[in-house]
Amino acid sequence: MAVHNIKRGVSLYSFQEEVFLRKLTLDDAVRVCAEMGARGIEVIPEQSFDSFPNLTDAEIAGWHDLHAKYGTTPTAYDMFIDLKRRKDRVMTFEEGVESIVRDIKLANKLGCTTMRVIVNTPPEVFEAAAPYAEEYNVRLGVEIHAPMRFDHRWIQQFLDIVHKVDSHYLGIVPDMGIFVREFPRVVSERFKRDGARPDLVDHAVKVYNDHPDDMETLTRELAWRGGTAIDVAFANNVVGYNYVAPETMAPHVPYIVHIHAKFYEMVGDEREYSIPYDEIVPVLIAGGYDGYLSSEYEGNRHIQDVRPVDSVQEVAHQQRMLARLLGEETTTGGNR
(Lines give C-alpha, C1' and ligand atoms only; values in the text may rest on other atoms or scores of the structure.)
Protein backbone atom coordinates (compact mmCIF):
# COMPACT_ATOMS: atom_id res chain seq x y z
CA MET A 1 0.00 0.00 0.00
CA ALA A 2 1.37 3.39 -1.02
CA VAL A 3 2.03 5.93 1.70
CA HIS A 4 -0.75 8.50 2.01
CA ASN A 5 -2.39 10.88 4.44
CA ILE A 6 -6.04 10.35 3.56
CA LYS A 7 -8.32 10.45 6.57
CA ARG A 8 -11.76 9.02 7.27
CA GLY A 9 -14.77 11.05 8.30
CA VAL A 10 -18.57 11.16 8.21
CA SER A 11 -21.08 13.73 7.07
CA LEU A 12 -23.82 14.06 9.67
CA TYR A 13 -26.17 14.19 6.68
CA SER A 14 -25.85 10.39 6.78
CA PHE A 15 -27.93 10.27 9.95
CA GLN A 16 -30.79 12.49 8.77
CA GLU A 17 -33.44 9.80 9.24
CA GLU A 18 -32.62 9.10 12.87
CA VAL A 19 -32.01 12.76 13.66
CA PHE A 20 -35.41 13.70 12.22
CA LEU A 21 -37.11 10.95 14.23
CA ARG A 22 -35.23 12.02 17.38
CA LYS A 23 -33.51 8.64 17.62
CA LEU A 24 -30.06 10.23 17.52
CA THR A 25 -28.90 13.38 19.23
CA LEU A 26 -25.96 15.42 18.00
CA ASP A 27 -23.93 13.89 20.82
CA ASP A 28 -24.94 10.38 19.70
CA ALA A 29 -24.00 11.11 16.09
CA VAL A 30 -20.51 12.36 16.92
CA ARG A 31 -19.96 9.52 19.37
CA VAL A 32 -20.77 6.73 16.90
CA CYS A 33 -18.45 8.29 14.32
CA ALA A 34 -15.62 8.24 16.85
CA GLU A 35 -16.39 4.60 17.63
CA MET A 36 -15.91 3.80 13.95
CA GLY A 37 -12.53 5.50 13.88
CA ALA A 38 -14.00 8.18 11.60
CA ARG A 39 -12.58 11.23 13.32
CA GLY A 40 -13.59 13.91 10.83
CA ILE A 41 -17.08 15.35 11.29
CA GLU A 42 -18.84 17.19 8.49
CA VAL A 43 -21.77 19.31 9.58
CA ILE A 44 -24.97 20.51 7.94
CA PRO A 45 -25.77 23.45 10.21
CA GLU A 46 -29.51 23.54 9.49
CA GLN A 47 -29.74 19.94 10.65
CA SER A 48 -27.60 20.24 13.77
CA PHE A 49 -28.35 23.67 15.23
CA ASP A 50 -31.85 24.87 16.07
CA SER A 51 -30.93 28.55 15.96
CA PHE A 52 -29.23 28.51 12.53
CA PRO A 53 -28.13 30.91 11.10
CA ASN A 54 -27.91 32.80 14.37
CA LEU A 55 -26.00 30.23 16.37
CA THR A 56 -25.79 30.95 20.07
CA ASP A 57 -22.56 31.00 22.04
CA ALA A 58 -23.84 27.97 23.95
CA GLU A 59 -24.39 25.98 20.75
CA ILE A 60 -20.94 26.80 19.46
CA ALA A 61 -19.32 25.95 22.79
CA GLY A 62 -21.31 22.72 22.98
CA TRP A 63 -20.14 21.72 19.51
CA HIS A 64 -16.49 22.17 20.46
CA ASP A 65 -17.07 20.33 23.73
CA LEU A 66 -18.36 17.33 21.77
CA HIS A 67 -15.16 17.12 19.75
CA ALA A 68 -13.02 17.40 22.85
CA LYS A 69 -15.12 14.68 24.47
CA TYR A 70 -14.83 12.17 21.61
CA GLY A 71 -11.48 13.12 20.06
CA THR A 72 -13.01 14.15 16.75
CA THR A 73 -12.30 17.08 14.44
CA PRO A 74 -14.70 19.42 12.61
CA THR A 75 -13.94 19.12 8.91
CA ALA A 76 -16.41 20.52 6.39
CA TYR A 77 -19.37 22.87 6.67
CA ASP A 78 -22.11 22.37 4.06
CA MET A 79 -23.51 25.69 2.89
CA PHE A 80 -26.64 26.41 0.87
CA ILE A 81 -27.60 29.60 -0.92
CA ASP A 82 -31.24 30.65 -1.04
CA LEU A 83 -31.28 32.33 -4.45
CA LYS A 84 -35.09 32.58 -4.36
CA ARG A 85 -35.36 34.02 -0.88
CA ARG A 86 -37.71 36.66 -2.24
CA LYS A 87 -40.76 35.97 -4.38
CA ASP A 88 -40.28 38.96 -6.66
CA ARG A 89 -36.67 38.45 -7.76
CA VAL A 90 -33.56 36.32 -7.65
CA MET A 91 -30.87 37.13 -5.10
CA THR A 92 -28.46 39.83 -6.27
CA PHE A 93 -24.69 39.41 -6.55
CA GLU A 94 -24.17 41.49 -3.41
CA GLU A 95 -26.72 39.42 -1.47
CA GLY A 96 -25.05 36.23 -2.70
CA VAL A 97 -21.66 37.39 -1.44
CA GLU A 98 -23.22 38.41 1.89
CA SER A 99 -24.77 34.93 2.22
CA ILE A 100 -21.59 33.00 1.50
CA VAL A 101 -19.51 35.24 3.76
CA ARG A 102 -21.99 34.62 6.57
CA ASP A 103 -21.40 30.89 6.13
CA ILE A 104 -17.61 31.30 5.98
CA LYS A 105 -17.71 33.09 9.33
CA LEU A 106 -19.93 30.40 10.85
CA ALA A 107 -17.67 27.66 9.52
CA ASN A 108 -14.74 29.39 11.18
CA LYS A 109 -16.59 29.61 14.49
CA LEU A 110 -17.36 25.89 14.30
CA GLY A 111 -13.73 25.04 13.59
CA CYS A 112 -14.37 23.79 10.05
CA THR A 113 -11.45 24.47 7.71
CA THR A 114 -13.33 23.54 4.53
CA MET A 115 -16.74 24.46 3.20
CA ARG A 116 -18.79 22.62 0.61
CA VAL A 117 -20.14 25.25 -1.78
CA ILE A 118 -23.48 24.14 -3.23
CA VAL A 119 -23.31 23.85 -7.00
CA ASN A 120 -26.07 26.39 -7.72
CA THR A 121 -23.90 29.16 -6.26
CA PRO A 122 -23.14 31.69 -9.03
CA PRO A 123 -19.49 31.34 -10.10
CA GLU A 124 -18.85 35.07 -9.66
CA VAL A 125 -20.02 34.80 -6.02
CA PHE A 126 -17.62 31.89 -5.51
CA GLU A 127 -14.75 33.99 -6.87
CA ALA A 128 -15.67 37.05 -4.83
CA ALA A 129 -15.59 34.97 -1.64
CA ALA A 130 -11.90 34.06 -2.04
CA PRO A 131 -10.41 36.85 0.14
CA TYR A 132 -12.91 36.11 2.91
CA ALA A 133 -12.04 32.42 2.75
CA GLU A 134 -8.39 33.31 3.26
CA GLU A 135 -9.16 35.77 6.05
CA TYR A 136 -11.15 33.18 8.01
CA ASN A 137 -9.03 30.16 7.01
CA VAL A 138 -11.86 28.23 5.36
CA ARG A 139 -11.13 26.50 2.05
CA LEU A 140 -14.05 26.66 -0.39
CA GLY A 141 -14.82 23.74 -2.67
CA VAL A 142 -17.65 23.73 -5.18
CA GLU A 143 -19.42 20.38 -5.14
CA ILE A 144 -19.27 18.32 -8.32
CA HIS A 145 -22.46 16.30 -8.07
CA ALA A 146 -24.28 14.03 -10.52
CA PRO A 147 -25.45 14.51 -13.20
CA MET A 148 -22.60 16.98 -13.59
CA ARG A 149 -19.00 15.89 -14.15
CA PHE A 150 -15.59 17.49 -14.44
CA ASP A 151 -16.11 18.53 -18.06
CA HIS A 152 -19.62 19.91 -17.53
CA ARG A 153 -20.03 23.48 -18.85
CA TRP A 154 -21.17 24.83 -15.46
CA ILE A 155 -18.39 23.08 -13.51
CA GLN A 156 -15.82 24.31 -16.00
CA GLN A 157 -16.62 27.88 -15.01
CA PHE A 158 -15.62 27.09 -11.43
CA LEU A 159 -12.50 25.21 -12.51
CA ASP A 160 -11.49 28.21 -14.62
CA ILE A 161 -11.82 30.42 -11.54
CA VAL A 162 -9.81 27.97 -9.41
CA HIS A 163 -7.00 28.00 -11.96
CA LYS A 164 -7.14 31.77 -12.51
CA VAL A 165 -7.21 32.80 -8.85
CA ASP A 166 -4.62 30.11 -7.99
CA SER A 167 -5.42 30.20 -4.30
CA HIS A 168 -5.08 27.48 -1.69
CA TYR A 169 -8.54 28.54 -0.57
CA LEU A 170 -10.50 27.75 -3.74
CA GLY A 171 -11.03 24.21 -4.99
CA ILE A 172 -13.56 21.45 -5.56
CA VAL A 173 -15.50 18.84 -3.57
CA PRO A 174 -16.21 15.83 -5.79
CA ASP A 175 -19.21 13.75 -4.77
CA MET A 176 -18.46 10.09 -5.48
CA GLY A 177 -21.98 9.77 -6.87
CA ILE A 178 -20.49 10.85 -10.20
CA PHE A 179 -18.98 7.35 -10.37
CA VAL A 180 -22.22 5.31 -10.18
CA ARG A 181 -21.35 2.37 -12.41
CA GLU A 182 -24.36 0.17 -11.57
CA PHE A 183 -27.67 1.90 -11.01
CA PRO A 184 -28.52 1.73 -7.27
CA ARG A 185 -30.90 -1.17 -6.78
CA VAL A 186 -32.34 0.36 -3.59
CA VAL A 187 -33.65 3.15 -5.85
CA SER A 188 -35.09 0.94 -8.59
CA GLU A 189 -36.66 -1.47 -6.10
CA ARG A 190 -38.32 1.42 -4.28
CA PHE A 191 -39.91 2.64 -7.52
CA LYS A 192 -41.25 -0.86 -8.16
CA ARG A 193 -42.81 -0.94 -4.71
CA ASP A 194 -44.32 2.48 -5.39
CA GLY A 195 -46.08 1.14 -8.50
CA ALA A 196 -43.66 1.51 -11.40
CA ARG A 197 -43.85 -1.26 -14.00
CA PRO A 198 -41.08 -3.77 -13.30
CA ASP A 199 -40.33 -4.33 -16.99
CA LEU A 200 -39.90 -0.60 -17.64
CA VAL A 201 -37.79 -0.16 -14.52
CA ASP A 202 -35.55 -3.05 -15.56
CA HIS A 203 -35.26 -1.64 -19.07
CA ALA A 204 -34.24 1.79 -17.78
CA VAL A 205 -31.69 0.24 -15.43
CA LYS A 206 -30.19 -1.75 -18.31
CA VAL A 207 -29.95 1.38 -20.43
CA TYR A 208 -28.17 3.19 -17.61
CA ASN A 209 -25.78 0.31 -16.90
CA ASP A 210 -24.71 0.30 -20.55
CA HIS A 211 -23.47 3.89 -19.99
CA PRO A 212 -24.71 5.54 -23.18
CA ASP A 213 -23.44 9.01 -23.94
CA ASP A 214 -26.94 10.40 -24.14
CA MET A 215 -29.91 9.33 -22.00
CA GLU A 216 -32.09 12.34 -22.72
CA THR A 217 -34.61 10.27 -24.68
CA LEU A 218 -35.17 7.74 -21.89
CA THR A 219 -38.11 9.63 -20.40
CA ARG A 220 -39.88 9.84 -23.76
CA GLU A 221 -39.09 6.20 -24.47
CA LEU A 222 -40.74 4.96 -21.27
CA ALA A 223 -43.78 7.13 -22.00
CA TRP A 224 -43.95 5.71 -25.53
CA ARG A 225 -43.80 2.19 -24.09
CA GLY A 226 -46.94 2.89 -22.10
CA GLY A 227 -45.41 4.17 -18.91
CA THR A 228 -47.53 6.11 -16.44
CA ALA A 229 -46.47 9.10 -14.36
CA ILE A 230 -44.51 6.93 -11.90
CA ASP A 231 -42.59 5.26 -14.74
CA VAL A 232 -41.74 8.61 -16.29
CA ALA A 233 -40.69 9.84 -12.84
CA PHE A 234 -38.31 6.89 -12.59
CA ALA A 235 -36.81 7.69 -15.98
CA ASN A 236 -36.28 11.29 -14.86
CA ASN A 237 -34.59 9.92 -11.74
CA VAL A 238 -32.28 7.68 -13.77
CA VAL A 239 -30.99 10.50 -15.95
CA GLY A 240 -30.00 12.33 -12.76
CA TYR A 241 -27.21 9.79 -12.19
CA ASN A 242 -24.02 9.40 -14.15
CA TYR A 243 -20.86 7.36 -14.44
CA VAL A 244 -17.44 8.60 -15.41
CA ALA A 245 -14.30 6.51 -15.11
CA PRO A 246 -12.50 7.13 -11.79
CA GLU A 247 -9.25 7.96 -13.58
CA THR A 248 -10.89 11.11 -15.01
CA MET A 249 -10.49 12.56 -11.52
CA ALA A 250 -6.68 12.25 -11.61
CA PRO A 251 -5.79 15.69 -13.08
CA HIS A 252 -8.14 17.39 -10.63
CA VAL A 253 -6.86 15.78 -7.42
CA PRO A 254 -4.55 18.73 -6.56
CA TYR A 255 -7.62 20.98 -6.36
CA ILE A 256 -9.74 18.71 -4.15
CA VAL A 257 -10.36 20.17 -0.69
CA HIS A 258 -12.80 17.54 0.57
CA ILE A 259 -14.65 14.46 -0.69
CA HIS A 260 -18.21 13.25 -0.25
CA ALA A 261 -17.92 9.47 -0.11
CA LYS A 262 -21.48 8.95 -1.32
CA PHE A 263 -23.05 5.52 -0.95
CA TYR A 264 -26.47 3.98 -1.34
CA GLU A 265 -26.04 0.36 -0.34
CA MET A 266 -23.15 -1.53 1.17
CA VAL A 267 -22.69 -5.21 0.33
CA GLY A 268 -21.37 -6.23 3.71
CA ASP A 269 -18.04 -4.58 4.47
CA GLU A 270 -16.65 -5.44 1.06
CA ARG A 271 -18.04 -3.01 -1.50
CA GLU A 272 -20.60 -0.40 -2.35
CA TYR A 273 -23.14 -1.86 -4.77
CA SER A 274 -22.96 0.97 -7.32
CA ILE A 275 -19.68 2.84 -6.86
CA PRO A 276 -16.23 1.24 -7.48
CA TYR A 277 -14.34 2.53 -4.46
CA ASP A 278 -11.60 -0.04 -5.07
CA GLU A 279 -10.77 1.98 -8.21
CA ILE A 280 -11.42 5.43 -6.74
CA VAL A 281 -9.19 5.25 -3.67
CA PRO A 282 -6.01 4.36 -5.65
CA VAL A 283 -6.54 7.43 -7.88
CA LEU A 284 -6.69 9.63 -4.78
CA ILE A 285 -3.61 8.03 -3.24
CA ALA A 286 -1.61 8.34 -6.47
CA GLY A 287 -2.62 11.99 -6.79
CA GLY A 288 -1.50 12.86 -3.27
CA TYR A 289 -4.89 13.73 -1.82
CA ASP A 290 -4.50 14.34 1.90
CA GLY A 291 -7.99 15.31 3.03
CA TYR A 292 -11.02 13.43 4.31
CA LEU A 293 -13.22 10.77 2.75
CA SER A 294 -16.52 11.76 4.35
CA SER A 295 -19.21 9.06 4.34
CA GLU A 296 -22.50 10.35 2.92
CA TYR A 297 -25.27 7.76 3.16
CA GLU A 298 -28.26 8.28 0.87
CA GLY A 299 -29.87 4.87 0.90
CA ASN A 300 -32.09 5.75 3.85
CA ARG A 301 -34.87 7.41 1.87
CA HIS A 302 -35.16 4.42 -0.47
CA ILE A 303 -35.72 1.71 2.17
CA GLN A 304 -37.70 3.47 4.87
CA ASP A 305 -41.00 2.09 3.54
CA VAL A 306 -40.03 -1.56 4.17
CA ARG A 307 -37.69 -1.64 7.14
CA PRO A 308 -36.30 0.59 9.86
CA VAL A 309 -33.32 2.61 8.71
CA ASP A 310 -30.07 1.89 10.56
CA SER A 311 -27.79 4.56 9.16
CA VAL A 312 -25.19 3.95 11.87
CA GLN A 313 -24.68 0.36 10.81
CA GLU A 314 -24.63 1.29 7.13
CA VAL A 315 -21.98 3.94 7.71
CA ALA A 316 -19.99 1.48 9.82
CA HIS A 317 -19.96 -0.94 6.89
CA GLN A 318 -18.60 1.73 4.58
CA GLN A 319 -16.03 2.85 7.12
CA ARG A 320 -14.70 -0.70 7.39
CA MET A 321 -14.43 -0.84 3.60
CA LEU A 322 -12.62 2.51 3.48
CA ALA A 323 -10.26 1.47 6.26
CA ARG A 324 -9.34 -1.63 4.29
CA LEU A 325 -8.83 0.27 1.04
CA LEU A 326 -6.67 2.81 2.85
CA GLY A 327 -4.54 0.04 4.31
CA GLU A 328 -5.52 0.67 7.90
CA GLU A 329 -5.17 -2.21 10.33
CA THR A 330 -8.16 -1.27 12.38
CA THR A 331 -11.67 -2.31 13.24
CA THR A 332 -14.58 0.07 13.18
CA GLY A 333 -17.55 -0.14 15.46
CA GLY A 334 -21.05 1.11 14.97
CA ASN A 335 -22.80 -0.25 18.00
CA ARG A 336 -24.78 2.27 19.99
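The values are calculated or read from the model by the stated rules, or taken from the named source; none is laboratory data. In this text, all values refer to a predicted model and were calculated from it rather than measured experimentally. Cβ: placed from backbone, ideal geometry, glycine included. Neighbour counts: every protein chain shown. Areas reflect the complete protein model, heavy atoms only, side chains present, ligands, DNA and RNA absent. Shrake-Rupley method; radii C 1.70, N 1.55, O 1.52, S 1.80 Å.
Figures for the structure shown
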item	result
Accessible area of the stretch 228-292 belonging to carbon and sulfur atoms, whole % at 1.4 Å probe	55
Accessible-area value, HIS4, 1.4 Å probe, nucleic acids and ligands omitted, Å²	50
Antiparallel content of DSSP bridges confined to the chain, in %, to 5	10
The chain, helix-only ellipticity at 222 nm - DSSP H runs n ≥ 4, -39,500 (n - 2.57), divided by all residues, nearest 500	-12500 deg cm²/dmol
Sorted peptide list for 73-81, 281-289, 45-53, 315-323, criterion being average Cβ within 10 angstrom, highest first	315-323, 73-81, 281-289, 45-53
Accessible surface, per residue, of the chain when the full set of protein chains is kept, probe 1.4 Å, Å²	45
Approximate spin-label separation PHE80-LYS23, in nm, with each point projected 7 Å along Cα-to-Cβ	2.2
Karplus-derived HN-Hα couplings along the stretch 149-154 (A = 6.51, B = -1.76, C = 1.60, θ = phi - 60°), whole Hz, x at Gly and Pro	8, 4, 9, 5, 3, 5
Pairs of alpha carbons in the chain whose separation is greater than 38 Å (percent)	15
Length released on extending from ASP160 to VAL306, taking residue separation times 0.36 nm less the Cα-Cα span	48.0 nm
Whichever lysines have a C-alpha closer than 28 Å to that of LYS164, once near sequence neighbours (fewer than 8 apart) are set aside	LYS105
Accessible surface of the stretch 39-80 [probe 1.4 Å, protein heavy atoms]: carbon and sulfur percent	52
Backbone HN-Hα couplings from phi across the stretch 4-14 [Karplus 6.51/-1.76/1.60, Hz, Gly and Pro as x]	8, 10, 6, 10, 9, x, 9, 7, 5, 4, 4
R0 of 41 Å, Cβ-Cβ distance GLU328-GLU124: FRET efficiency to nearest 0.05	0.50
Tensor-based shape of the stretch 1-128 (alpha-carbon gyration tensor, a/c under 1.5 rounded, otherwise prolate or oblate)	prolate
Efficiency of FRET between HIS64 and THR217 - r from beta-carbon atoms, R0 41 angstrom, step 0.05	0.20
Stretch gain in nm, segment VAL3-SER167, where the contour uses 0.36 nm per residue and the Cα spacing is subtracted	56.4 nm
In order through the stretch 160-175: 3J(HN,Hα) via Karplus (6.51 cos²θ - 1.76 cosθ + 1.60), integer Hz, x for Gly, Pro	4, 5, 4, 6, 5, 6, 6, 10, 4, 9, 10, x, 9, 10, x, 9
Violating pairs (Cα-Cα greater than 23 angstrom) within the set LYS23/LYS192; LYS7/LYS262; LYS7/LYS69	LYS23/LYS192
